[in-house]
Amino acid sequence: MTADVSLELLEQATDGIVVINERNEVVFFNPAAEKLWGYTESEVLGTNVNRLVPSVYRHEHDSYIDRNRETGRDRIVGTSREVTFENKTGDHISGEMSISSAVLGPDRKRYYMAIMKGVTEESHRRKLHDLQNTVFEAISNDMGIPDVADLVCREVESFVPNTVAVIILLGDNNRLRIMSGPGLPRHYATALENVVLSEDDLATISRDPLAVGRIVWDSYSSLGISLGLHNCWASAIKSRNGRISGIFALYSRNQYQLSDWPQKIVSGSVSFCGVVIENYEAQQHISQLANYDSLTGFLNRSAVHKVIRSMIDLPGDNNFAIFMVDIDRFRDINDTLGHMNGDAFLKAIAQRLKTLSRSNYILSRSGADEFVIVLPDTNEARAVIFADRLIKGMQEPVEIAGNLLVVSLGIGISIFPENGPDGQSLLSHAESAMRRCKKAGRGGYCVSSTADNRAAEDRLLLGSALRDSLARGLLNLHYQPQVDIRTNRLYGAEALSRWNHPTLGNIYPSRFIAVAEDTGQIETIGAWSLEEAVSQIVRWDKEGLYVPAVSVNLSAVHFCNRDLPALIERILREHDVEPKRLTVEITESVMMGENEETMKGLAAIRSLGVGLSMDDFGTGYSSLSRLTRLPLTEIKIDRSFIMNLEQDANAQAVTTAVIGIGNRLNMTVVTEGVETEQQLKLLQDLHCDVAQGYLFARPMTPQDMLAWARQPHPWSPDPLLAP
């Protein structure tokens, strides 16, 4: 083959061919190379070859070649690899280059020949196949989905030099949201995230996925060009059920489009981009289930705890308010209208709470009818303003199943850092304030106070100590005598719980009984009190002191337990004590409940022969009609009526009325808090049956009670028990 034929073959080769001489000057540049680089042959021949390499390598390119000439070693010569180079306009082009060298001519000069192929579709397919495998492997190895999305963008950007790849999600209400696109200019990303696709848009791109380019480029090309973006290739991403789930877009910083292969790269990437989005949506759904309430869409209890913890950990001086919001009488709505309508009611309330709250407020459903609202950067004054807004905003009725329901809320408020250093304390204080609010009346708010904080501390510290003391038998009963003021004889004694802790000291019943009720230990204390009081009757009998009856206070919680009558019967039987010698005191809250189970329990206790006493009668909301329906043997007039009995005509009138009611209903009337001879004389004149108070004795230990019974008393010349 002649030299002319060889040269002609090189001229007509479909791949770009460049030959340089010993001075690194271009001595051959074929038409295919002209097309690739955009230079004419005349512009290149005789110039240094470094103008054809990427600008970042130009200043050192001669030294690379010289080193090869000297050593004959190089990692490029004799190999084939993909490279990125710049054309005449400065655009980045990918190609596959192979370099060979030869020593020619009589002077034995070394020449280099580079053959540059444009990247082929086969190469594209291979790259995309490798990337797809990489994506699937990353997902199977539990790489974070945002990291996988970033990996896709980086790899595609390496396929098409000088570009920016972006994965866009189709979010709520068909609004676009950037999932990954680190290289996308911020202003352009903001513009895209303001785009909301219409139903017509979705229908169009569902038929033609490439039509999405009109949305992510045509409408914003002026902005893109101002930010250095000159072209865009894009395709819609469809889920397996055909739903449009996102968009994959590739923006180019090159000014000219040299081929259509970037669009093919984008279209080829759509399938595994869809897998990335599906996995992302699956993780979001799992997160939704783990952190959000399914009915209202608000954060659940555990999630709001995390949010509060993160707010506490913020640096600097920050404050915020926590609202514990409880819906009044929600159980009535559920029972009357059914659970489905109850759920509809809760959703309506949640929506109204959201409407009344600012966008940066954190909303949570923490219980069946309880919500938590966290107000960032809020002090007590601003919290109270929002509480008023909530209460007023709930005044408009909610329509559920044709019923107009008026909503009232009980709201408790705690403030960080004033009401506690941690989330649990803040929530506990807000809840205590809410309970206090509901006790005071419906439809209001209370801000956590020092008393609330003390109650919370009691629940935490005293609750644990009380449980330990019960297990170790550190509680004991004191007894206050009750005297029949018609005969001046012992009528009975009231058993009163006392707790003297080894380190905490003497703790008043008003504190630890409330803690016992809050911490679920009150039933244990009640059962222990019954057992201890009945056994004390037996011990007194053996010591010669006959106490006709001992009364034991039980809380409303006990009467919710249908096993209470059986427990009382067992205790009396095991100690062989007559039922009439035990009296169970109930509070007015038991009478107010008046549910069927409670009434059955009271009747069963009375049928045993055990006495039933209404404690502190007149301090609550008792009605005479309820009083007549209970199987009571005794009513106790609260000490508050006795305090001013000598001077207050109204107190005398009320006391007279209660004594009269008791006498007419054949109930024994016991008056508490008797401290003076004048009070005792008035009660005798009013025909009261029994009196109890400091005039006779303070609560005392069983042994002190025994000694007290052996002594003479001003109101009784003879001792109750012979010495």
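The values are calculated or read from the model by the stated rules, or taken from the named source; none is laboratory data. What you are looking at is a predicted structure, and each value in this text was computed from that prediction instead of being measured. Note that each Cβ is placed from the backbone with ideal geometry, even for glycine, and that neighbours are counted across all protein chains shown. Accessible surface is based on the protein model in full, side chains and every heavy atom, while ligands, DNA and RNA are left aside. Shrake-Rupley method; radii C 1.70, N 1.55, O 1.52, S 1.80 Å.
Here are the numbers for this structure:
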item	result
Residue count, the range 350-386 (criterion: within 23 Å of LEU314 (Cα to Cα) and either outside any loop (DSSP other than H, G, I, E, B) or touching a Gly at 6+ places or on another chain (Cβ under 7 Å) (or both))	12
Any hit, the range 563-581, residues being assigned to a helix (DSSP H, G or I), open to solvent by 10 Å² or more (accessible area, probe 1.4 Å), closer than 30 Å to PHE641 by Cα and basic (Lys, Arg)	yes
Criterion violated by ILE237 - all others in (1) hydrophobic (A, V, I, L, M, F, W, C); (2) part of a helix (DSSP H, G or I); (3) under 23 Å from LYS127 (Cα atoms) satisfied	(2)
Close pairs (8 angstrom Cβ cut-off, 6 or more residues apart or separate chains): among the acidic types (Asp, Glu) in the range 398-415, open to solvent by 10 Å² or more (accessible area, probe 1.4 Å) anywhere	GLU399/LEU405
Output for the range 137-187, where each listed residue is within 34 Å of the chain's Cα centre (by Cα) and among the acidic types (Asp, Glu)	GLU137, ASP142, ASP147, ASP150, ASP172
Residues that are open to solvent by less than 40 Å² (accessible area, probe 1.4 Å) and part of a helix (DSSP H, G or I), drawn from the range 392-425	GLY393, GLY423, SER425
Residue count for the range 192-215, restricted to those that are touching a helix residue (DSSP H, G or I) at 6+ places or on another chain (Cβ under 9 Å), open to solvent by 30 Å² or more (accessible area, probe 1.4 Å) and under 17 Å from TYR251 (Cβ atoms)	2
Residues of the range 465-498 satisfying the condition of being hydrophobic (A, V, I, L, M, F, W, C), in contact with a Pro (Cβ under 8 Å, 6 or more places away or on another chain) and assigned to a strand (DSSP E or B)	LEU477, LEU490, ALA493, LEU496
Breaking point among (1) open to solvent by less than 20 Å² (accessible area, probe 1.4 Å); (2) under 24 Å from ALA282 (Cα atoms); (3) of a type in the set (Val, Ile, Thr), for ILE178	(1)
Residues (of a type in the set (Lys, Arg) and open to solvent by 60 Å² or more (accessible area, probe 1.4 Å)) located in the range 351-390	LYS354, ARG358, ARG382, ARG389
Selection status of SER101, more than 20 Å from ASN48 (Cβ to Cβ), at pLDDT below 85 and of a type in the set (Ser, Thr, Tyr)	no
Residues located in the range 138-150, provided they are in contact (Cβ under 8 Å) with a residue 24 or more places away in the chain and either among the β-branched types (Val, Ile, Thr) or open to solvent by 10 Å² or more (accessible area, probe 1.4 Å) (or both)	ILE139, ILE145, PRO146, VAL148, ASP150
Filter result for SER464 (modelled with pLDDT of 85 or more and hydroxyl-bearing (Ser, Thr, Tyr))	no
Of all residues making up the range 475-512, the number that are at pLDDT 85 or above, under 30 Å from LYS580 (Cα atoms) and loosely packed, with under 12 Cβ neighbours inside 10 Å	1
Yes/no for ARG472 being surrounded by fewer than 16 Cβ atoms within 10 Å (Cβ to Cβ) and touching a residue at least 24 places away in the same chain (Cβ under 8 Å)	no
Filter result for ARG67 (surrounded by 16 or more Cβ atoms within 10 Å (Cβ to Cβ), basic (Lys, Arg), at pLDDT 75 or above and part of a helix (DSSP H, G or I))	no
Subset of the range 428-449 [surrounded by fewer than 23 Cβ atoms within 10 Å (Cβ to Cβ) and aliphatic (A, V, I, L, M)]	ALA440, VAL447
